[in-house]
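Right, one structure below, let's go through it.
The values are calculated or read from the model by the stated rules, or taken from the named source; none is laboratory data. Note that this is a predicted model, so its numbers are computed, not measured. Methodologically, a virtual Cβ is constructed for each residue, glycine included, from the backbone with ideal geometry; neighbour enumeration extends over all protein chains shown. Just the protein is used for accessible areas: all its heavy atoms, side chains included, with ligands, DNA and RNA removed. Shrake-Rupley method; radii C 1.70, N 1.55, O 1.52, S 1.80 Å.
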Amino acid sequence: GDNDPLDVMDLSSRTCKVGEMRKVKILGDLELIDQGELDHKIIVVDAEDPLAASASSAADLPAGVVPKLVEWLKRYKTTDGKPENKLASDTPTSAARAAEVVKECHESWQALKARGAGTTGFWLG
């Protein structure tokens, strides 16, 4: 897709600063199809957010939240004149499956750091 491993959509009530790291609770994954490849959109909430106490999966989110996320993901590139995006499904994956995706991406990152970027064009700073 867009050559990044995954994106995170944080539904927390508190805003965060660019680059800020926080402990989050993974709720699911909406899988965007970007240039024929999966582009994971991991749905999370700050572990300290009140929503974290009541939501263990995307299915536990308040009514209307998931349809709004789906609509935004489908349409956010249309302002640039591009067609609507496609999703693998309008229903998020389970929290467990999303956590597996995060784990796989982290393992890939660790392997890349260990061997070096070579000619990939990635900056490993």
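General remarks:
- Cβ-Cβ under 9 Å pairs, at least 6 apart or on other chains, region 67-86 side more than 18 Å from LEU6 (Cβ to Cβ), far side β-branched (Val, Ile, Thr) and outside any loop (DSSP other than H, G, I, E, B): GLU84/THR78
- For region 43-51, the count of residues that are under 19 Å from ASP4 (Cβ atoms), under 15 Å from the mean Cα position of the chain (by Cα), modelled with pLDDT under 95 and of a type in the set (A, V, I, L, M) is zero.
- Only a single item in (1) closer than 29 Å to LEU112 by Cβ; (2) open to solvent by less than 40 Å² (accessible area, probe 1.4 Å); (3) without any contact (Cβ under 8 Å) to a residue 60 or more places away in the chain is not met by ILE33, and it is number (2).
- Residue count for region 32-70, restricted to those that are outside any helix (DSSP H, G or I), touching a helix residue (DSSP H, G or I) at 6+ places or on another chain (Cβ under 9 Å) and of a type in the set (D, E, K, R): 2
- Applying the condition of being among the hydroxyl-bearing types (Ser, Thr, Tyr), open to solvent by 50 Å² or more (accessible area, probe 1.4 Å) and part of a helix (DSSP H, G or I) to region 71-116 and asking which residue is modelled with the lowest pLDDT yields SER108.
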